[in-house]
Amino acid sequence: MAAKKNVPLVSVIIPVYNGADFIGESIDSALQQSYGNLEVIVVDDGSTDNTLTVLNQYAVKDARVRVISQPNGGVSAARNTAIAAARGEFIAPLDADDIWRPSKLDRQVRRMLAAGDETALVYSWWAWIDEDSLIVDRSPRWTIEGSALETLMYVNFVGNASVPLFRKSAVDAVGGYRTHAMPGEPLICEDYDLALRIAANHKIACVQDVLVGYRRRRGSRSTALDTMWRSQQAVMQSIRALRPDLKPALFKACDKQFCLYIAGLAFMSGDTISAIRWGLRSGPKLPLLVAPYVLKMLLFPRRNKHPQYMRPGQKLDTSLLPEPMMPYDRILSPKQLPGRLIWAVIKPVRDLIHRIMHARLLSQLRTDGEKSLASGKPRVLATACWHFPIYSQTFVSREVFALVNKGFEVRFLYAGLNPRTQLPDDLQPLWDHKRRILYADSTAARDFEHYQSRMPGKVRIITQIIASAAGMDEEEVLANAHFRHAFTFARFVEAWKPDYIHTYFFYEAAVFGLVASSLLGIPRGVSCYADHMVDDYDLKIIPAHMETCDVVVATSARIKRELEELVGRSLPSAIVKPNGIDSTRFNPVDRPPSGPNRVFRGIAINRIHAKKGMTYLVEAIKLLRDRGVPFVMQVAGEYDDHDPQGLAYFEQLKQYIADNSLQSSFQFLGRQSAPQVRQHLSDADIFVAPFVELANGDKDGIPTALLEAMAAGCAIVATDAGSITEVFNNGVEGLMVPQCNAVALADAIELMVADDALRTRLAKATVERVRREFDVSTCEAIFHERVRLAISKRGAAVPVAATR
């Protein structure tokens, strides 16, 4: 992965009372987790059978197992004893007859870490298993996340005690598990009660896969219906005391829903009379909603065509699991019924439309490929992100367009189309080289089956490579939406029959390229910027890409070094090629010298993001204003609409400007067109790049805007962040200051304003250097040479069409 993951200790807590028959399987499923940093604390709650003997055998065999024996006090007391002894940051309860899939903890920990400190509970889906561990039903496909107390009160989507992963600090804060509903009667909804109290103060997250086998046995506590009802009432009473702001109507709805749940338990255990009695207590609406599913179960008993067992360490093909007999995620509330009915009609129509569009786009691309073969040019298929064009990724469009200009037949695949205005005027001809691809779950499943049936060996190897590189199990990879979409990408690649595939960044496009290249035997490459240092994507499998790419474009020497450090070896396939610019489009002009009424103008061109260092820039402008330096700063760029943090960052900057009355000294211009950018660079005296490297490793490489400013003859003030040190030398072509230092920025700008000769000399030197080293005519040549070499090595390989 891109960065070393945090590997916190997980404390698995298992209470057991007379559980010798199943406790071994439960402990085995914990010890065989792919997540290695765990401890298993088993509390024997006064067993009278040979449970303790079994436990001691495990403790002798595996040092991770600790056994605590205590007089019988009930399951909640036993869990609390285990929690008190736990050393882990996370608590993972496991009942003594339940089973976990091997990836359960790994996936939940990763989800917890990704969700952030506000999240204290991660749940998953589960399957019901019988006493022989045969899967008899599966849970609904819940996707509820965030602040979800009221929804969890209405329906227990966490499911059972063996499902959640908790932050120990949150469990400790609420006092662990409660032991009694009322004096003399144990609380048998203790796991649900704890989940609710955690949800009252924290957020919840979900791993959308079946990770737990929940054993259903006759005579278990969950069949004590009247006791369950009293426990639920005690739980709701405690929530009323905890959250007096909640409306009474919510509690009435929760009671009705729980009555229906008890009716379901009675029905499944064969107690029809109790099922009817509790069903009537739930009111008229909810039974009507579930009636179609009940009738289906009565009239059409389920026949398990693909019986599967949940056993420790055993792989599970979740695609063969039965559909939920009672899909509560689709009948959660009567208010949702109209929407569900509409969706039941729309979804098949939507899927049919997707199939028709998919076939049409494939046919168009196949026809286009056949026509383009006549050109005799080497053929390149490229893709970067879902949308095209993207204003902030002009460097991608420029690199692709350089391929077009140097004699390659190029097509650029995209899924969503942005306005053509986001493509700079000199790159407008690239618009005609774009081709649409449709990514949809329904068509992706069919595309996967297309290759699974034709090339099962290759599909299996690709799955294994990605699973190993991503630290996932194969089932998790197979369930990943982007992995499935990669087979759609492969269908479109196969339709056009390119000689070479090129992708950008290490997100889904790189995975698409890996899968298509491996399936079809087509050489591929990737252009690398700075995202390889950021652990923000489950399938950011850098070593696998480096191992399988024929061409690796590192956009700076620093990036090449970082990639080699990540894989632990040199990369013969890697070349250093900065993002070239067309320097002829920028005409340096002589700026007037300083004078009595001369106000100097600074320009920064960048997206509004924390790594752009705008915080330090506004502080520097305040310092200059306070010093009386005649300087006005303008910023051309905007925040990403899909990044809430970017918006929050922008609002903070505006607030700082308002609080310090900097409106006349610091101005946001918003996104600017390419002609407007060139005009701003011609009008500006100083270009400022205050970029910083973030704690998570995110940073810029070589900013294209910096190269354009150099070509326009701006004097440069920049920080030493990212790969900027490779662009110019301090005091030779510009002034370079330490990052995260507003005072240093202000001092450098003030020096530029005060010294006409320095400013003029540095500006002239920047023009010479950018034309010499960073012009597209110079730096793209090595890339084109490597692409042609990769294609030539493929040589007389079997054509794609021959693999059908």
Scan the stretch 253-260 and tell me whether some residue there is out of contact with any helix residue (DSSP H, G or I) (no Cβ under 6 Å at 6 or more places or on another chain), of a type in the set (Phe, Trp, Tyr) and within 30 Å of LEU134 (Cβ to Cβ). no
All-but-one check, PRO424 against (1) within 23 Å of SER392 (Cβ to Cβ); (2) at pLDDT 95 or above, failing number (2)
Among the residues of the stretch 278-304, what is the count of those that are in contact with a helix residue (DSSP H, G or I) (Cβ under 8 Å, 6 or more places away or on another chain) and basic (Lys, Arg)? 2
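Here is a yes/no grid of residues against (1) within 30 Å of CYS779 (Cα to Cα); (2) open to solvent by less than 40 Å² (accessible area, probe 1.4 Å); (3) in contact with a helix residue (DSSP H, G or I) (Cβ under 6 Å, 6 or more places away or on another chain); (4) in a helix (DSSP H, G or I):
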site: ARG460; (1), (2), (3), (4): no, no, no, yes
site: HIS485; (1), (2), (3), (4): no, yes, yes, yes
site: THR488; (1), (2), (3), (4): no, yes, yes, yes
site: THR503; (1), (2), (3), (4): yes, yes, yes, no
Note on the stretch 37-67: residues over 19 Å from ASP97 (Cβ atoms) and not polar (S, T, N, Q) are LEU38, GLU39, ALA59, VAL60, LYS61, ASP62, ALA63, ARG64, ARG66
One residue is enough: does the stretch 463-486 have a residue meeting the conditions small (Gly, Ala, Ser), farther than 23 Å from VAL207 by Cα and modelled with pLDDT of 95 or more? no
Mind listing just one residue for me: the one in the stretch 715-730 that is of a type outside the set (S, T, N, Q) and assigned to a strand (DSSP E or B) and, of those, surrounded by the fewest Cβ atoms within 10 Å (Cβ to Cβ)? ILE716
Just the residues that are at pLDDT 90 or above, open to solvent by less than 70 Å² (accessible area, probe 1.4 Å) and either of a type in the set (Asp, Glu) or part of a helix (DSSP H, G or I) (or both), please, taken from the stretch 623-648. LEU623, LEU624
Top-ranked residue of the stretch 432-453 - restricted to ones that are of a type in the set (S, T, N, Q) and surrounded by fewer than 17 Cβ atoms within 10 Å (Cβ to Cβ), ranked as nearest to the chain's Cα centre (by Cα): SER442
Going through the stretch 122-156 one residue at a time, which ones are crowded, with 18+ Cβ neighbours inside 10 Å and within 18 Å of the chain's Cα centre (by Cα)? VAL122, TYR123, SER124
Could you please find all residues in the stretch 170-183 being open to solvent by 40 Å² or more (accessible area, probe 1.4 Å), over 17 Å from ALA234 (Cβ atoms) and in contact (Cβ under 8 Å) with a residue 60 or more places away in the chain? ASP172
Considering the stretch 229-280, residues that are farther than 26 Å from ARG138 by Cβ, part of a helix (DSSP H, G or I) and among the basic types (Lys, Arg), and then whichever is least open to solvent (accessible area, probe 1.4 Å), we arrive at ARG230
Could you please give the count of residues in the stretch 586-599 that are out of contact with any helix residue (DSSP H, G or I) (no Cβ under 6 Å at 6 or more places or on another chain) and either open to solvent by 60 Å² or more (accessible area, probe 1.4 Å) or basic (Lys, Arg) (or both)? 8
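Okay, residues lined up against (1) touching a Phe, Trp or Tyr at 6+ places or on another chain (Cβ under 9 Å); (2) without any contact (Cβ under 8 Å) to a residue 40 or more places away in the chain:
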residue: THR503; (1), (2): yes, no
residue: SER518; (1), (2): no, no
residue: ILE541; (1), (2): yes, no
residue: HIS545; (1), (2): yes, yes
residue: PRO572; (1), (2): no, yes
residue: ARG585; (1), (2): no, no
Within the stretch 84-99, is there a residue that is assigned to a helix (DSSP H, G or I) and either out of contact with any Pro (no Cβ under 6 Å at 6 or more places or on another chain) or open to solvent by less than 60 Å² (accessible area, probe 1.4 Å) (or both)? yes
For the stretch 37-52, pairs from a residue that is closer than 17 Å to ALA84 by Cβ and at pLDDT 95 or above to a residue that is in a strand (DSSP E or B) and basic (Lys, Arg), with Cβ under 8 Å and 6 or more apart or across chains, are GLU39/ARG66; VAL40/ARG66; ILE41/ARG66; VAL42/ARG66
Pick out the one residue from VAL12, VAL7 that is under 21 Å from ALA205 (Cα atoms) and at pLDDT below 95. VAL7
Contact list, first residue from the stretch 58-82 and closer than 18 Å to ILE188 by Cα and of a type outside the set (S, T, N, Q), second anywhere and assigned to a strand (DSSP E or B) and at pLDDT below 95, beta-carbon distance below 9 Å, six or more apart or interchain, is GLY74/HIS180; GLY74/PRO186; VAL75/PRO186
Mind listing whichever residues of the stretch 100-121 are open to solvent by less than 10 Å² (accessible area, probe 1.4 Å) and of a type in the set (A, V, I, L, M, F, W, C)? TRP100, LEU105, VAL109, MET112, ALA120, LEU121
Do we find that VAL54 is open to solvent by less than 10 Å² (accessible area, probe 1.4 Å) and either touching a Gly at 6+ places or on another chain (Cβ under 6 Å) or not in a loop (DSSP other than H, G, I, E, B) (or both) in this structure? no
Can you tell which of PRO429, PRO389, PRO456 is open to solvent by less than 30 Å² (accessible area, probe 1.4 Å) and out of contact with any His (no Cβ under 8 Å at 6 or more places or on another chain)? PRO389
Select from the stretch 64-83 the residues that are assigned to a loop (DSSP other than H, G, I, E, B) and open to solvent by 30 Å² or more (accessible area, probe 1.4 Å) and write down the one among them that is nearest to GLN32 (Cα to Cα). ARG64
Counting only residues that are touching a Phe, Trp or Tyr at 6+ places or on another chain (Cβ under 9 Å) and charged (D, E, K, R), how many does the stretch 227-254 have? 1
Pick out the one residue from ALA557, ALA574, ALA544 that is touching a helix residue (DSSP H, G or I) at 6+ places or on another chain (Cβ under 7 Å), over 26 Å from ALA636 (Cα atoms), of a type in the set (Gly, Ala, Ser) and surrounded by fewer than 16 Cβ atoms within 10 Å (Cβ to Cβ). ALA557
Hey, any hits in the stretch 563-570 for a residue that's modelled with pLDDT of 90 or more, at negative phi and over 27 Å from the mean Cα position of the chain (by Cα)? yes
Scan of the stretch 281-328 for residues that are among the small types (Gly, Ala, Ser) and surrounded by 12 or more Cβ atoms within 10 Å (Cβ to Cβ), ordered by number: SER282, GLY283, GLY313
Every residue from the stretch 564-578 that is closer than 20 Å to SER518 by Cβ and hydrophobic (A, V, I, L, M, F, W, C): VAL567, LEU571, ALA574
Name, by its number, the condition in (1) touching an Asp or Glu at 6+ places or on another chain (Cβ under 9 Å); (2) polar (S, T, N, Q); (3) within 27 Å of SER372 (Cα to Cα) that does not hold for GLN428. (1)
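The values are calculated or read from the model by the stated rules, or taken from the named source; none is laboratory data. Everything numeric in this text was worked out from a predicted model, so none of it was measured. Note: ideal-geometry Cβ built from the backbone for every residue, glycine included; neighbour counts use all protein chains shown. Accessible surface is based on the protein model in full, side chains and every heavy atom, while ligands, DNA and RNA are left aside. Shrake-Rupley method; radii C 1.70, N 1.55, O 1.52, S 1.80 Å.
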